[in-house]
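What follows is a single structure, written as structure tokens, with notes after it.
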Amino acid sequence: MINTRILPLIRKEFIHIRRDPRSLVILLLMPLIMMFIFGYAINMDLKHIRIGICDLNRTPSSRELIETIRMSPYFEIVTYYNNPNRTEALFTKRLVRAVIIIPADFGKSHARSRFANIGVITDGTDANSATLVQNYLDGLFMGKSISSATNGSGPLVSVKSRMLYNPDMTSSHFVVPGIVAILLIMIGALLTSVTIAREKETGTMEQILVSPIRPYEVVLGKAIPYLVLSFTIAVFILVFGHLWFKVPMLGKWGFLLLFCVFYVFTALAIGLLISTVVATQQVAMMLSLVITMLPSVMLSGFVFPVASMPRPLQVVSQIIPATHFLKIIRGVMLKGNGPLELWPSVAAMSAVGLFFILLAVRRFKLKLK
Amino acid sequence: MTRPSPPDPSVDLTKNGLAVTVRNLSRRFGEFVAVDDISFDVKKGEIFGFLGANGAGKTTTIRMLTGLLEPSSGEGQVGGFDIHKDYEKIKTRIGYMSQKFSLYDDLKVVENLYFFGGIYGLSREHIRMRVAELDQSLNLLAVADRKTMSLPLGFKQRLALACAILHKPPILFLDEPTGGVDPIARRYFWDLISTLAGDGTTVFVTTHYMDEAEYCHRLSIMYKGKIIEMDSPSAIKKKYNSVSIEDIFIKLVDR
């Protein structure tokens, strides 16, 4: 496969990479920045949520309840007040994200029936956080009822849930593998499409095409250097995520890296495909970012679960390489899965990858002739 | 201005002695007819000039003959091979220099030479010897380790020529090879072309500089995709009773 005509192409491509240290630095910094932004910002666990408490009951029962909330690391009580009419003012002045209103009959009904209502009002302008606050409070009061059940005849069934594979619900464990999936497809496509567009812009592509070199040799001569480069970046991101964000690696590095190579190859094919429709580097760059980034973030299951998407989008998500790679990388890193458990995703990703590679080579060939 | 002598007919005349034959060649881009039913022959060792304004169809013709563009209709042979079927064989026998001197700016002069020699399958040793040989006339080794982007245009032009002839192609296509280059460098460049042709290389060259037409053995004047005149510069001048190709060109285009 590697013959004497491909070697000069590969050598030349590495000279380009070496002579352009700025791009190289950007290529290594971009993943780091993205990892920090996503790793810390997409933080699904909230802590120190500012809440206000309006205790209209003022009994030992209500004080016990407030104490429970105060002890929780998730909440920070910033104000106590007595007039429920002040509630809205607290929200508009952005002092709190939620308030808890303990009604005047709380103590009485609690003592009588063990069922008592309290009011929880959350700020719906940030719907995600509001939902989380409600979930936390639900959890908190469930604990509360359990604790009071021990000294009385409480509910007979209590739910004790345990989160497997990510027991602390650490977001970064979930997010970092996703970033690897998105960055690799983005960088791979970007590098390939831009380098080919550059050769088109400067006319050197034409100069290559009048030589006896074959289309597949041109493709390989471009693919091999950028495969090496993208793979290096992949290893860099993975190791960084493992060491800095402490993302566990329960499976085999070898299996994961092997799939990284194939995934990167798919990314290069997408870049090659893009290069057949664009004429300038700028357009190549924009198109690569839009085509790879948007679907990989929105539709791959990185943020929103595929299962909760409308049917047509679920179908679309299946042809996005990141969808399958995400399952593989999360499976390997967090669950210690191997090929045995992951074969459906492996097969699906191979199919999607081969589809893009064949399409790219075919289109590239057509374009040349 | 000295003009090189016409090729010696006894030199290397295989087959019919024609390096390029074109019959009724056309290329359309949608409604626009870039090249309109042209026919011509180029003899071996000849400097054959395509003269015409921008957009006359010169580059489109070259691109069809070098396998970069599929003709819409018509036949053609380059080095005895069919341009429709045997373009892979044609590629090993031609050199091509595009109007932009397509080189890698971030590569050194030698790196460009090794790259372009390499994609023609030449070994590094072979390229090194060939570069040393070409250096006698091209003077490139003096700037061998400089990045191409730092070179004056005249050097880039000679480097582009060197890259195009490393593999000793019998037929050389030059698409406006002197664009933007100063008169002295242009003169020097044409001397090189004449030497190459004297050694038996067929040179197919396009230009819109009228004075350069004088260097060609035979000239075809293109206008709006058609060849409107074709003969040796002296015969053309005689026919139109004029001393300047430029005057004739303007007369032809204006009528």
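The values are calculated or read from the model by the stated rules, or taken from the named source; none is laboratory data. Everything numeric in this text was worked out from a predicted model, so none of it was measured. Here Cβ is always computed from backbone atoms with ideal geometry, including for glycine, and neighbour counts include all displayed protein chains. What goes into the accessible areas is simple: the full protein's heavy atoms, side chains included, and nothing from ligands, DNA or RNA. Shrake-Rupley method; radii C 1.70, N 1.55, O 1.52, S 1.80 Å.
Go through B:Lys58/B:Lys224; B:Lys44/B:Lys237; A:Lys200/B:Lys100; B:Lys91/B:Lys168; A:Lys12/A:Lys222; B:Lys58/B:Lys156 and tell me which ones have a Cα-Cα distance over 18 Å in this structure. Cα-Cα > 18 Å for B:Lys44/B:Lys237; B:Lys58/B:Lys156; rest within. The Rg/Rh ratio for chain B, using Cα coordinates for both the radius of gyration and the Kirkwood hydrodynamic radius, is 0.96. For the range A:6-66, applying the loop criterion from DSSP together with a ceiling of 14 other beta carbons within 10 Å to the trypsin sites (Lys or Arg not before Pro) yields A:Lys47, A:Arg58.
Other residues with beta-carbon under 13 Å from the beta-carbon of A:Ser230 carry, at +1 per Lys or Arg and -1 per Asp or Glu, a net charge of 0. The charge dipole of chain A, taken about its Cα centre with unit charges on the Cβ atoms of Lys, Arg (+1), Asp and Glu (-1) only, comes to about 580 debye. For a straight C-alpha distance cut-off of 24 angstrom, the lysines reachable from A:Lys246 (same-chain residues fewer than eight places away being disregarded) are A:Lys47, A:Lys327, A:Lys335. With contacts taken as Cα pairs under 8 Å and at least 6 residues apart, chain B reaches a relative contact order of 27 percent. For the pair B:Ile228 and B:Ser244 in one chain, pulling the backbone fully straight at 0.36 nm per residue adds 4.1 nm over the alpha carbon distance. Amide H contacts under 5 Å for B:Leu172: B:Gly95, B:Thr202, B:Val203, B:Phe204, restricted to partners 5 or more places along the chain or on a different chain, H placed in the peptide plane at 1.01 Å from N. Do you know which residues of the range B:106-131 lose at least 30 square angstrom of accessible area in the protein assembly compared with their chain on its own, with a 1.4 angstrom probe? Listed by number, the residues meeting the 30 Å² cut-off are B:Asp106, B:Leu107, B:Glu111, B:Phe115, B:Phe116, B:Gly118, B:Ile119, B:Tyr120, B:Arg124. For the range A:49-143, compute Rh as the Kirkwood radius over C-alpha pairs and then the Stokes-Einstein diffusion coefficient at 20 °C and 1.002 mPa s; write the answer in µm²/s, rounded to an integer. Answer, rounded: 158 µm²/s. Converting the Cα gyration tensor eigenvalues of the protein assembly as shown into ellipsoid dimensions via √(5λ) gives semi-axes, longest first, of 75, 24, 21 Å. May I ask which residue of A:Ala181, A:Val96, B:Gly198 lies farthest towards the positive end of the charge dipole of the protein assembly as shown, with charges of +1 (Lys, Arg) and -1 (Asp, Glu) on Cβ and the Cα centre as origin? The one lying farthest along the dipole's positive direction is A:Val96. Of the trypsin sites (Lys or Arg not before Pro) found in the range B:25-120, those in coil by DSSP whose Cβ has at most 13 other Cβ atoms within 10 Å are B:Lys85.
Taking every protein chain into account, the accessible area of the range B:101-172 amounts to 39 square angstrom per residue (probe 1.4 Å).
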